Amino acid sequence: MPRPYTGPVGRQDLSIDVVSQQMSSAVPDKITAVATAYHPDERLLAVIEAALTACTEVIVIDNTPGGGAVLADDLPDRVRVLRPESNLGLAGALNLGLRELGPDADAVLLLDQDSVLPEQLVRQLAAHLDNPQVGAVAPAPWDEIRGSFIDPRTVLRPDVADRDAVITSGMLVRRELLDRLGGFRTDFFVDCVDQDFCLRLRRTGARILQDKRVKLPHSLGNVVEHKFLIGHVRASHHPTWRLYWVFRNGVVLVRENITRTPTWCLASILIMIRWLLLTAIYEKPRGKRLHAIWRGLVDGVRGRTDAAYIPAGGTVLAADRK
């Protein structure tokens, strides 16, 4: 069983002045990419190849039980593949990769198996870390098929915007902050892992930036477009077990952060309401899917986890963050 990643420092209540004093103002020149995979296809090899052009090393955590066939071939020397005994989920896999970081890594680039880095993306993101108040920076997820930002609100934001949370894939994070925060929240398994991490990072006083001039093509998974009145809406069509985690973890985050970041929590509640309505209208089998959402809501309020919604071969580790 992989041990929790705790990092050397556990304190998370530092002011922005202390954070600024402790973090370097130099652009990181030794960046390690940590990529997670689950039943990957050939696209993962393109992800690795693109990351190697800008990173000193790529660590891949293959959550596929028994290992993914695409990673069976010889890989470049600067690529390491870790294969846990079971599917640890997003958080557990990321923490496994973080434990393998070399001592000279200045920053970590987080990736998934579908996001092939455009040329110069890492350089453009790393330039923002010359500001010692910036702890993490991310590109804007981009839908290549539609030719638009995945989050339509992105167009309303400035080119470089302070954010409470960004998605994991494409996020570039200072090594010292990863150590201080103790990695990712394993009891969340997969959904909201990025949001929890970002909210904790913001509580150190560090800033999170999103540069929308830097676009990262990102897969939307099972999203399906449906007709609605005179327009269209998009429903997630995630596997039923995922709905449980979306709502359970979403409620947990609202409970924990409502007094700290009420605006973010209100937006999160509205997103969950919209998700619930779209599931009820468009996604079948409605009964099972709505039951999973209900169980997630109840367990989120009570702080419990239902083992019935852990996918086959999956292992949910105990929370390894304060």
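The values are calculated or read from the model by the stated rules, or taken from the named source; none is laboratory data. Predicted model, so just to flag it, every value in this text is computed and none were measured. Glycine also receives a Cβ, built like all others from the backbone with ideal geometry; neighbour counts cover every protein chain displayed.
What to note about this one:
- All conditions in (1) surrounded by fewer than 16 Cβ atoms within 10 Å (Cβ to Cβ); (2) touching a residue at least 24 places away in the same chain (Cβ under 8 Å); (3) of a type in the set (V, I, T) hold for I145, with the sole exception of (2).
Condition check ((1) touching a residue at least 40 places away in the same chain (Cβ under 8 Å); (2) over 30 Å from T305 (Cβ atoms)) across all residues:
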| residue | (1), (2) |
| --- | --- |
| P103 | no, yes |
| L110 | yes, no |
| P118 | yes, yes |
| Q124 | yes, yes |
| Q195 | yes, no |
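- Set F184, F189: member being crowded, with 22+ Cβ neighbours inside 10 Å and at pLDDT 95 or above: F184
- Screening region 53-100 for residues that are hydrophobic (A, V, I, L, M, F, W, C) and in contact (Cβ under 8 Å) with a residue 60 or more places away in the chain and picking the one that is farthest from Q120 (Cα to Cα) gives L88.
- Among the residues of region 46-78, those identified as surrounded by fewer than 17 Cβ atoms within 10 Å (Cβ to Cβ), over 20 Å from the mean Cα position of the chain (by Cα) and part of a helix (DSSP H, G or I) are E49, A69.
- Qualifying residue in region 251-260 (condition: surrounded by fewer than 20 Cβ atoms within 10 Å (Cβ to Cβ), in contact (Cβ under 8 Å) with a residue 60 or more places away in the chain, outside the structural domain of R99 (by TED's automatic domain parsing) and closer than 19 Å to D194 by Cβ): yes
- When A136, A126 are checked against the criterion of being assigned to a strand (DSSP E or B), in the same structural domain as R200 (by TED's automatic domain parsing) and out of contact with any Gly (no Cβ under 6 Å at 6 or more places or on another chain), A136 stands alone in meeting it.
- Which listed residue, of V34, V81, is of a type in the set (V, I, T), under 18 Å from the mean Cα position of the chain (by Cα) and modelled with pLDDT of 90 or more: V34
- Residues that are at pLDDT below 90 and farther than 18 Å from D114 by Cα, drawn from region 53-71: P65, G66
- Among the candidates G170, G205, residue that is surrounded by fewer than 21 Cβ atoms within 10 Å (Cβ to Cβ) and outside any helix (DSSP H, G or I): G205
- Candidates D191, D179, D211 - the one that is touching a residue at least 24 places away in the same chain (Cβ under 8 Å) and either assigned to a loop (DSSP other than H, G, I, E, B) or more than 21 Å from A33 (Cβ to Cβ) (or both): D191
- Check on P152, farther than 21 Å from L110 by Cβ, at pLDDT 95 or above and surrounded by fewer than 16 Cβ atoms within 10 Å (Cβ to Cβ): no
- Among the conditions (1) of a type in the set (F, W, Y); (2) closer than 23 Å to Y309 by Cβ; (3) at pLDDT 95 or above, the only one that Y282 does not satisfy is (3).
- Answer from Q195, Q210 - the residue that is more than 23 Å from G296 (Cβ to Cβ) and either assigned by TED's automatic domain parsing to the domain that holds N63 or of a type in the set (A, V, I, L, M) (or both): Q210
- Among residues of region 301-322 that are surrounded by 15 or more Cβ atoms within 10 Å (Cβ to Cβ), those with a Cβ under 7 angstrom from a residue that is at pLDDT below 85 and assigned to a loop (DSSP other than H, G, I, E, B), sequence gap 6+ or separate chain, pair up as L317/P4; D320/P4; D320/Y5; D320/T6.
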